[in-house]
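Colleague: Handing you this structure, nothing more for now.
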Amino acid sequence: MHVDALIAPLLNGSAQGALLLLAALGLSLTFGQMGVINMAHGEFLMLGAFAAYLVQQVITASDLSIPVALPVAFVVAGLFGLLLEVTIIQWMYRRPLDTLLVTVGVSLILQQAALQIFPSQGVPVEKPGWLDGQLTVLGYDWPLRQLFTILLATVCVAALSAWLKHTSFGRRIRATVHNRDLAETSGISTRTVDRLTFFTGSGLAGVAGVAASLIGGTNSQMGAQYIIPAFLVVAAGGIGQLKGTIIAAWAVGVALSYFAYWTTGSLAQVLAFILVIVFLQLRPQGLFTVRTRSLA
Amino acid sequence: MTKKPWISLGGIGVFAVLLLAVAPLVLSDHWLNNLGKYCCWAIAAVGIGLAWGRGGMLVMGQGVFFALGAYSMAMHLTLESAGDRVPGFMVLYDPLAPLPAFWEPFRGAGFTLLAIVLLPVVVAGILGYALFKRRVKGAYFAILTQALAVALATLISSTIRETGGDTGLSDFKYFFGFVLNDPANKIMVFLIAAGLLVVCLLVVWQLYRSRFGELLVATRDAEERVRFLGYDPANVKLVAFVVSALMASIGGAMFVPIVGIITPAEIGAAASILMIAGVAFGGRASLFGPALGAMAVGWGQSSLGSTWPDGWTYILGLLFIVVILFLPNGLSSLPARFAAARRRPEQKAAPSAATPELEEVRS
Amino acid sequence: MTDASLVVTDLRVEFSGFVAVGGVSFDAHPGEVRFLIGPNGAGKTTCIDAITGLTKGTGSARLGEKELLGRQVHKIVRLGVGRTFQTASVFDELTVLQNLDIAAGRHRPAISLLRARRGVDPAIERALEETGLAGELTTPAGILSHGQKQWLEIAMLLVQDAKVLLLDEPVAGMSQDERTATGELLQRIAAKRIVLVVEHDMDFMRRYATRVTVLHQGRVLSQGTVAEVQADPRVQEVYLGTADAMTEG
């Protein structure tokens with residue numbers, strides 16, 4: 001066996017894992033806080049990718065447009081998330097499972113809107129020239145844009161954890177995730193925290209969308225393909241566990257990559273699913289609901 | 001809760017007469033065939049109502065069980081139509097392709113019928129046992145089931161030589177010896193599907209009025225409490241999940257001779273969500289809501305979905321948002337709501353039977 | 001006599017390093033209303049949680065010959081150990097009868113679950129009489145008063161034929177009349193069963209306790225009759241402020 005037969009899936013998988021991590025970061029933030037999956041999270045990712053495309057229509061130099069697109073995508077997706085929270089989700093905090101279905105409706109509408117606004121075959125997002133090259137790792141030519149995804153994910157994780165740790169808003173978010181009732185009685189406005197969390201989580205999906213647009217196609221269906229794997233990453237990592245999410249994303253990315261290398265892309269998905277089920281059998285921690293006295 | 005079970009039973013009777021006696025007389029062949037298709041979705045929906053409405057398990061991957069029934073049936077009908085030869089699509093790529101081993105037993109009608117019943121029971125049994133015993137619930141359960149539907153649809157899409165891939169299986173000529181083109185036989189197939197729907201309604205009618213039905217609602221609302229009464233809630237949920245899977249499989253099996261084609265698109269994530277839509281619309285926890293809701297959504301899907309696909313998607317999206325947000329118990333809760341609204345002026349804290357109590361235990 | 005007793009020996013419960021219960025031993029017998037008291041955080045509820053399998057504990061908790069620790073929750077219940085919770089946990093959407101019927105159901109063969117209920121079980125009728133809920137048969141449990149919900153929970157334990165009733169603050173939030181009714185109910189049902197009550201309410205404890213175990217910081221501080229416990233200087237020390245409450249009410 002060639003050495004790059006082993007190294008290529010590892011490097012590709014790491015990049016895939018980084019993309020999954022970007023998609024899962026925001027999901028784990030909002031899921032951790034409300035215990036509900038925002039099924040439109042994938043479509044927020046799609047919004048980020050389309051935002052990158054639109055930025056390129058204004059700033060045609062792709063070298064510059066992608067760095068500009070990142071914050072734009074963050075804000076655009078974040079504002080959509082905020083809108084969703086204010087108009088729908090805030091009324092449903094006591095019905096988390098129903099929220100999941102409502103956001104399914106939102107995701108259907110966003111997908112259809114994107115399909116009608118943009119060409120149905122999707123739009124091209126130009127890769128900046130400085131991402132064109134390759135890095136040769138042990139004889140394998142590793143595309144620089146994969147490395148870029150990993151760097152972007154690293155920066156996002158670092159920024160997010162610093163923000164959660166060192167700012168007062170971040171501390172309030174962590175307090176709310178840990179114990180919503182207690183946070184409320186300690187004078188934290190959980191309403192504000194919820195909105196900010198939703199903005200940030202959705203914004204991160206937007207950033208993930210920019211990265212995704214550089215690797216795959218930008219079309220109305222792109223979000224749908226990320227939501228399930230991103231959730232599996234969050235589930236395997238454990239709620240509110242940044243460290244767990246990182247490890248799980250990387251593991252799932254690499255596993256998918258090796259499975260796809262040995263079998264086919266679709267069989268890889270099936271295998272990855274079985275892997276997660278088996279994993280949940282072995283380590284259901286994080287799936288257990290926290291026990292309280294009331295059993296409520 | 002069904003307060004007056006005998007009235008509901010009468011309702012099933014009326015429904016049965018309409019479906020089995022009136023519909024074949026008044027509807028054209030085309031619309032009868034469509035109604036048959038809606039019946040298949042309704043059969044699956046009745047099962048979803050049981051698992052989700054009464055059991056609190058949001059089954060977002062019923063397409064998997066629908067597929068088990070549908071592909072079992074489709075494989076049998078394909079083989080029946082091909083006779084001794086290998087099905088046409090398989091020799092398209094390789095004239096000498098042998099029949100895959102897992103197809104062989106589906107030549108037998110008995111095996112096929114057995115597979116339609118046993119496959120979903122076994123798969124849902126194993127999956128449910130693994131998940132419920134580990135207390136996987138809520139959003140986790142929902143997404144894992146949906147992931148399974150995505151995985152299966154992807155697998156079928158990619159195995160074009162074995163399963164027909166995205167083109168699916170179609171061109172069935174015979175249905176257990178009956179020529180499918182014959183209008184009389186088409187009515188027979190419709191009657192079987194409609195009859196099975198009535199049977200499924202009768203099954204859940206009995207389940208809902210039984211002690212099991214009460215236990216299932218209790219498990220939905222307070223799983224831990226049920227444990228402290230000496231029951232294992234995992235077993236209670238497992239039974240409901242397996243029955244719902246079986247119903248989805250039966251719906252899928254009848255879908256094949258009626259529609260004449262089965263593809264991964266009919267069983268994947270989007271199709272699974274469409275099944276949920278009907279149940280939510282009609283009223284997840286009621287007896288008739290899921291079936292009628294599924295028929296309504298099925299009608300929308302096959303009429304609006306083909307004439308005005310863009311608009312239909314928006315309608316479907318809005319349906320989810322509006323129904324879940326404002327009418328969590330679907331259209332079937334409207335009468336109770338109106339009644340409660342009329343009572344309210346006189347009696348302020350009127351206990352509403354229609355309060356949505358499907359909150360997942362979070363604390 | 002002794003083979004039907006609940007004997008807890010050296011029970012320990014730790015939560016990631018924090019010792020919530022650090023070696024508690026006590027026993028409870030049929031015919032007495034046993035109280036478990038102590039300040040907040042003394043580990044009272046945790047003891048019950050460990051006995052019923054909700055949290056993991058080490059040591060031993062035996063009902064007669066059978067060890068309870070290490071079994072699954074529903075299996076412990078099937079051995080005859082029932083409990084209530086601080087917040088009344090009944091099935092709000094179901095009627096009083098349906099609630100009780102489910103509680104009574106564990107003795108029935110599984111297949112009978114598929115049939116509808118016909119009439120009212122005699123055991124359920126007895127429990128309704130006992131708890132004064134006979135008039136509420138078809139009331140949805142969700143609209144019962146707080147006190148009635150607690151009684152319904154006790155009635156559920158009666159119909160499930162629990163040998164041990166572990167009651168977690170059964171009179172919290174009850175009116176004085178309801179407390180009296182509850183106390184008398186407990187004394188009646190304790191005749192043939194083991195009744196263990198976790199309580200904060202000292203007045204209630206003094207009126208209805210046969211014997212008392214005082215917990216403090218996860219350990220047994222004192223055990224005995226109400227008078228013995230009240231006279232214990234260590235108890236008075238712990239309850240410095242509340243010691244007055246114990247004697248004066």
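No lab work stands behind these numbers, since they all come straight from the coordinates. As the structure is a computational prediction, the values presented were derived from the model and not from experiment. Neighbour counts are summed over all protein chains in view; Cβ atoms, including those assigned to glycine, are modelled from backbone coordinates with ideal geometry.
Colleague: Other chains' Cβ within 10 Å of C:113-124 residues: what's the mean?
Modeller: 3
Colleague: On each of the three principal axes of the Cα atoms of the stretch B:54-203, give max minus min coordinate, whole Å, ordered largest first.
Modeller: 48, 39, 23
Colleague: Lysines within cross-link reach of B:LYS237: Cα-Cα under 21 Å, excluding same-chain residues under 8 positions apart?
Modeller: Those lysines meeting the cut-off are B:LYS133, B:LYS137, C:LYS75.
Colleague: Just rank B:CYS200, B:CYS39, fewest to most, by other beta-carbon atoms within 10 angstrom.
Modeller: B:CYS200, B:CYS39
Colleague: Sticking with this structure for a sec: What percent antiparallel are the DSSP beta bridges of the protein assembly as shown, to the nearest 5?
Modeller: Bridges in the protein assembly as shown that DSSP calls antiparallel: roughly 65 percent.
Colleague: Just tell me how shielded B:152-160 is by partners: mean number of partner chain Cβ atoms within 10 Å of each residue's Cβ, no decimals.
Modeller: If you average over the peptide's residues, the count of other-chain Cβ atoms is 3.
Colleague: Give the span of the stretch A:179-236's Cα atoms along each principal axis, as three whole-Å numbers ordered largest to smallest.
Modeller: Ordered largest first, the stretch A:179-236 gives principal extents of 47, 23, 16 Å.
Colleague: Report P(r) for the stretch A:3-282: all Cα-Cα distances, bin width 5 Å, range 0 to the bin holding the largest distance, values in whole percent.
Modeller: Percent of Cα pairs in each bin: 1, 6, 12, 17, 19, 17, 13, 8, 4, 2, 1, 0.
Colleague: Here's another thing I want to ask about it. Anyone know which of A:GLY139, A:GLY170, A:GLY81 comes out most mobile in the 10 Å Cα GNM of chain A?
Modeller: A:GLY139
Colleague: Say R0 is 35 Å: what FRET efficiency, to the nearest 0.05, do B:LEU118 and B:HIS30 get from their beta-carbon distance?
Modeller: Efficiency, rounded to the nearest 0.05: 0.50.
Colleague: Rg/Rh for the stretch C:1-58 to two decimals, with Rh computed the Kirkwood way over all alpha-carbon pairs.
Modeller: That ratio is 0.99, to two decimals.
Colleague: Be a star and scan the stretch B:242-270 for residues whose amide nitrogen sits under 15 Å from the point 7 Å along the Cα-to-Cβ vector of B:PHE176.
Modeller: B:250-258
Colleague: What is the antiparallel percent of DSSP beta bridges lying wholly in chain C, to the nearest 5?
Modeller: If we restrict to bridges inside chain C, about 55 percent are antiparallel.
Colleague: Also: Expressed in nm to one decimal, what extension gain is obtained for the pair C:ILE111 and C:GLU65 from 0.36 nm per residue of sequence separation less their Cα-Cα distance?
Modeller: On the way: separation 46, 0.36 × 46 = 16.56 nm, distance 3.06 nm.
That works out to 13.5 nm of additional length.
Colleague: Give me, ordered by chain and number, the residues 5 or more places off B:PHE175 or on other chains with an amide H under 5 Å from its own placed amide H.
Modeller: B:LEU180
Colleague: Excluding same-chain residues fewer than 8 positions from C:LYS163, which aspartates and glutamates have a Cα within less than 16 Å of its Cα?
Modeller: C:ASP3, C:ASP27, C:GLU32, C:GLU65, C:GLU67, C:GLU153
Colleague: Here's a follow-up. Give me the number: length gained by fully extending B:ASN235 to B:ASP84, i.e. 0.36 nm times residue separation minus the C-alpha to C-alpha distance, one decimal in nm.
Modeller: Details: separation 151, 0.36 × 151 = 54.36 nm, distance 4.47 nm.
That pair, B:ASN235 and B:ASP84, stretches by 49.9 nm at full extension.
Colleague: Who wins for biggest fluctuation among B:GLY278, B:GLY300, B:GLY49 in a Gaussian network model of chain B, springs between alpha carbons below 10 Å?
Modeller: B:GLY300
Colleague: Another question about this same structure. Return the FRET efficiency for the residue pair C:ARG234, C:SER16: r is the Cβ-Cβ distance, R0 is 25 Å, and the value is rounded to the nearest 0.05.
Modeller: 0.30
Colleague: Most exposed first by the Cβ proxy, i.e. fewest other Cβ within 10 Å, how do B:GLU223, C:GLU153, A:GLU126 rank?
Modeller: A:GLU126, B:GLU223, C:GLU153
Colleague: Can I ask one more? At 0.36 nm per residue, minus the direct Cα-Cα distance, what do B:LEU99 and B:THR167 gain on full extension? Give it in nm, one decimal, please. All intermediate terms of the calculation are to be shown ahead of the outcome.
Modeller: Working: separation 68, 0.36 × 68 = 24.48 nm, distance 1.81 nm.
Roughly 22.7 nm would be gained on extension.
Colleague: Separate question: Build a GNM of chain A with springs between Cα atoms under 10 Å: which of A:GLY133, A:GLY78, A:GLY35 gets the top mean-square fluctuation?
Modeller: Checking each option, the largest mean-square fluctuation is seen for A:GLY133.
Colleague: Using only Cα atoms, find the angle between the long axis of helix B:5-17 and the longest principal axis of chain B, and express it within 0 to 90 degrees, rounded to the nearest 10.
Modeller: Helix B:5-17 sits at roughly 30 degrees to that axis.
Colleague: If you take every DSSP beta bridge fully contained in the stretch C:116-249, what fraction is antiparallel? Give it as a percent rounded to 5.
Modeller: Percentage antiparallel, nearest 5: 50.
Colleague: Please determine, in degrees from 0 to 90 and to the nearest 10, the orientation of helix B:109-133 with respect to the longest principal axis defined by the Cα atoms of chain B, where the helix direction is its Cα long axis.
Modeller: On a 0 to 90 degree scale, this one is about 40.
Colleague: Taking the dipole about the Cα centre of the protein assembly as shown, with the C-beta of Lys and Arg at +1 and of Asp and Glu at -1, give me whichever of A:ALA49, A:THR264, B:ILE315 is farthest to the positive side.
Modeller: Checking the options against the dipole of the protein assembly as shown, the answer is B:ILE315.
Colleague: Let me ask something else. Label points 7 Å out from Cα along the Cβ direction at B:ALA336 and B:VAL91: separation in nm?
Modeller: 5.9 nm
Colleague: I've got another one for you. How big is the Cα convex hull of the protein assembly as shown in projection, averaged over all directions, in nm²?
Modeller: Taking the Cα atoms of the protein assembly as shown, their convex hull projects to 42.8 nm² on average.
Colleague: With +1 on each Lys and Arg Cβ and -1 on each Asp and Glu Cβ, and nothing else charged, work out how big the dipole of the stretch B:5-267 is about its Cα centre, in Debye to the nearest 20. Walk me through the intermediate numbers first.
Modeller: Numbers: 17 positive and 15 negative charges, 182 e Å.
So the magnitude is around 880 debye.
Colleague: Still on this structure: Evaluate peptide C:70-78: per residue, the Cβ atoms of other protein chains within 10 Å of its Cβ; return the mean as an integer.
Modeller: Partner Cβ neighbours, averaged per residue: 4.
Colleague: Can you compute the label reach from A:TRP262? Point 7 Å from Cα along the Cβ direction, backbone N cut-off under 15 Å, restricted to the stretch B:112-150.
Modeller: No residue passes the distance filter.
Colleague: Same structure, new question: Going 7 Å from the Cα of C:GLN72 toward and past its Cβ, which residues in the stretch B:94-129 have a backbone nitrogen under 20 Å from where you end up?
Modeller: Correct set: B:122-129.
Colleague: Further question: Expressed as an acute angle from 0 to 90° and rounded to the nearest 10, what is the orientation of the C-alpha long axis of helix A:190-215 relative to the principal long axis of chain A?
Modeller: The two axes meet at around 10 degrees.
Colleague: Then there is this: Could you put C:ARG193, A:ARG283, C:ARG211 in order, starting from the residue whose Cβ has the fewest other Cβ atoms within 10 Å?
Modeller: So the residues, fewest neighbours to most, are A:ARG283, C:ARG211, C:ARG193.
Colleague: Moving to a separate point now. As a test of understanding, state the convex hull volume per residue of the stretch B:5-267 from its alpha carbons, in Å³.
Modeller: Value for the stretch B:5-267: 123 Å³ per residue.
Colleague: Ok, one more. On a straight-distance basis, which lysines could pair with A:LYS165 in a cross-link, Cα separation under 23 angstrom, same-chain partners fewer than 8 positions away excluded?
Modeller: In chain and number order, the partners are A:LYS243.
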